[in-house]
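Written below as structure tokens is the structure these notes are about.
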Amino acid sequence: MPREVIIAGNWKMHKNSSESKDFLSKFAPAVSDTLHTVCLAVPFPLISDISRQAKNSKIQIGAQNMHDAEEGAYTGEVSAKMLLDAGAEFVILGHSERRHIFGEDNAFVNRKLKRALESGIRPVLCVGETEEERGQEKTEAVLKKQLSESLADLSSGQISQVVFAYEPVWAIGTGFTATPGQAQAAHAFCRSVILSLSSEEVSKEVSILYGGSVKPENVREIMEQTDVDGVLVGGASLKPEAFAQIVNYQTMKV
Ligand code: PGA
């Protein structure tokens with residue numbers, strides 16, 4: 001079975017409601033023929049409206065984070081149930097900005113993953129090394145630790161429901177993309193770690209997205225790599241034309 005191809009956008013802390021409506025009215029018709037899964041992770045306050053607007057389109061709306069508790073006294077936090085109620089279908093977990101700016105560790109990401117799976121919201125688990133770690137040839141050790149600790153105590157069946165994203169921290173928002181060879185090597189390594197934590201079948205069927213300065217100009221060569229099953233796009237997902245070109249990369253002329 002070919003793996004699911006997922007093109008996901010992450011708006012981070014950008015756009016208000018009228019900007020998001022305008023985006024969708026341009027973007028949705030431009031991707032209406034795609035065979036890929038198209039996802040957009042938007043800020044919490046936009047989820048309800050934009051998921052309603054996206055209802056009859058190819059686009060799945062999701063969130064960029066959640067808390068692991070079911071509910072409780074966690075001021076400022078949002079639960080999986082709330083996200084589902086608002087119309088989110090997936091949630092990004094362990095993004096490097098959450099790890100590095102907000103100090104989230106693998107144990108917290110692991111608890112969130114368990115809650116997401118139990119609640120029926122699809123998790124997109126992000127991993128990736130910093131520039132310093134790559135320079136010290138620690139990339140594989142970092143990826144192995146992030147994956148094994150984030151996936152701790154999950155069954156193979158649960159792991160099969162996770163979407164993975166390899167996002168080298170040095171490539172996020174910097175304009176420096178991993179070379180196709182670097183991306184392939186890291187993806188193949190992640191798949192081997194996933195194999196060690198689940199089964200051959202699961203490791204072959206899970207989708208691993210690449211993230212870090214993906215643009216219309218470089219998406220094709222990244223997508224051509226055997227173990228790259230999609231992309232997670234920050235900056236370029238803010239512009240409907242650019243993000244539609246990325247979704248339609250097979251037919252686009254750059
Ligand atoms: P970028 O962000 O495409 O702007 O580099 C990617 C991400 O953070 O997911």
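The values are calculated or read from the model by the stated rules, or taken from the named source; none is laboratory data. Note that the structure is a prediction, hence the values are computed from the model and not measured. Heads up, the Cβs are rebuilt from the backbone with ideal geometry, glycines too, and the neighbour counts pull from every protein chain shown. These area figures cover heavy atoms from the full protein model, side chains too; ligands, DNA and RNA do not enter into them. Shrake-Rupley method; radii C 1.70, N 1.55, O 1.52, S 1.80 Å.
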All but one of (1) aliphatic (A, V, I, L, M); (2) more than 16 Å from the ligand (Cβ to nearest atom); (3) closer than 19 Å to G230 by Cβ; (4) not in a helix (DSSP H, G or I) hold for A188; state the number of the condition that does not hold. (4)
Looking at the stretch 155-179, I want the residues that are within 15 Å of D229 (Cβ to Cβ) and near the ligand (Cβ under 8 Å from one of its atoms) and have a partner that is part of a helix (DSSP H, G or I) and open to solvent by less than 50 Å² (accessible area, probe 1.4 Å) with Cβ atoms under 7 Å, at least 6 apart or on another chain. Which pairs are those? E167/S96
Among E201, E217, the single one that is of a type in the set (D, E, K, R), assigned to a helix (DSSP H, G or I) and more than 12 Å from the ligand (Cβ to nearest atom) is E201
Which one is nearest to the ligand (Cβ to nearest atom) among residues in the stretch 128-151 that are closer than 21 Å to V231 by Cβ and open to solvent by less than 10 Å² (accessible area, probe 1.4 Å)? G128
Among (1) modelled with pLDDT under 95; (2) open to solvent by 30 Å² or more (accessible area, probe 1.4 Å) - the single one E221 does not satisfy: (1)
Within the stretch 231-250, tally of residues that are within 11 Å of the ligand (Cβ to nearest atom), farther than 13 Å from H14 by Cα and in contact (Cβ under 8 Å) with a residue 60 or more places away in the chain: 5
Looking at the stretch 73-95, which of the residues that are crowded, with 23+ Cβ neighbours inside 10 Å and within 16 Å of the ligand (Cβ to nearest atom) is nearest to the chain's Cα centre (by Cα)? I92
